[in-house]
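J.: Structure incoming, see below.
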Amino acid sequence: MWSATNLIVNLMTENNKRVDWATFRKFVEEFSNESDRAAVILGAAKLDELLYQLVKARLIPDSGGRDELLDGDGPLGTYSSRISMAFRLGLITAEFCRALHLIRRIRNSFAHEIAGCTLETGAHADRVRELARPFLHLDFCVQFRKLLFTSEHREGPSTNFRVVLAIISANLERLILDIAPLESSGAQPLISAGMLEYKLDTAQENAEPENTKITTGVLTQDSE
């Protein structure tokens, strides 16, 4: 079993760069003590913001003040599109992508339910069980829960959702620390090097193309 210190170092560090532990713990405390509805909405909003930062850090910087891809109603302005883009850029695995979409579906359901939102029963509990399945057998997950969640958080889908969302959040924060933007040095220019280097031969310029003749104003090819 890992010590609490080793757990934090492993989870929050990437190439000697460390996520601010105090800020992360404050976030976990805030959403873990909320109602299920608030925890789902706040947690999903946090992941959406982290995906925004992740994709923005990966893409070639936009020279304008407003990012037309990521901001507002841009093509990557939604949680769903940012999940898909992070996957297609090779930043997260297919399994990670599915987990984020599961959280998105839970969030969408809660946003449209007027009352009685709970993670403990029905379709929401089933989705949480699917979300938590890859984690629950890990010693890491057991220790992480002990470290960040009090005894007041009893075993069940509601607590499991909070634990898994916190781990996913930490994974994204750690990834953002070490992300490198795409390089534009190999991009195709409007005017290629071959076009710039081409020099027209005067004799060739005045000559008719090979096997071509002009007859009564009509360009035709000589038959072989």
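J.: What are the ³J(HN,Hα) values, in whole Hz, obtained from phi via the Karplus relation 6.51 cos²θ - 1.76 cosθ + 1.60 with θ = phi - 60°, for each residue of the range 36-45 in sequence order, with x given for Gly and Pro?
T.: Coupling constants for the range 36-45: 4, 4, 5, 4, 5, 5, 5, x, 5, 4 Hz.
J.: Give, in nm to one decimal, the length gained when the segment between residue 94 and residue 140 is fully stretched (0.36 nm per residue of separation minus the Cα-Cα distance).
T.: Values: separation 46, 0.36 × 46 = 16.56 nm, distance 2.14 nm.
Gain on stretching residue 94 to residue 140: 14.4 nm.
J.: Highest first, please rank the peptides 160-168, 63-71 by the mean number of other Cβ atoms sitting within 10 Å of their residues. Don't jump to the answer; show the numbers that get you there.
T.: On the way: 160-168: 23.2, 63-71: 11.9.
Ranking the peptides 160-168, 63-71 by packing returns 160-168, 63-71.
J.: Oh, and also: Rank by packing, highest mean first: peptides 181-192, 131-142, with packing defined as the count of other Cβ atoms within 10 Å averaged across residues.
T.: Numbers: 181-192: 7.8, 131-142: 14.8.
Highest-to-lowest ranking by the protection proxy: 131-142, 181-192.
J.: Over the range 4-177, what is the mean sequence separation of C-alpha contacts under 8 Å (at least six apart), divided by residue count, expressed as relative contact order in percent?
T.: 36 percent
J.: Measure off 7 Å from each Cα along the Cα-to-Cβ vector at residue 45 and residue 71, then give the distance between these two points in nanometres to one decimal.
T.: So the label points at residue 45 and residue 71 sit 2.0 nm apart.
J.: Further question: Assuming 0.36 nm per residue, please report the length gained on full extension of the stretch residue 129 to residue 183 beyond their Cα-Cα distance.
T.: So the extension gain works out to 15.4 nm.
J.: For residue 46, go through the lysines and keep the ones whose alpha-carbon is under 26 Å away, minus same-chain ones fewer than eight residues off.
T.: 17, 26, 56, 146
We did not get these values from a lab; they are worked out from the coordinates using the rules stated. Please read these numbers as outputs of a predicted model, since none were measured by experiment. Positions of Cβ are generated from backbone atoms using ideal geometry, with glycine treated the same way; all protein chains shown enter the neighbour counts.
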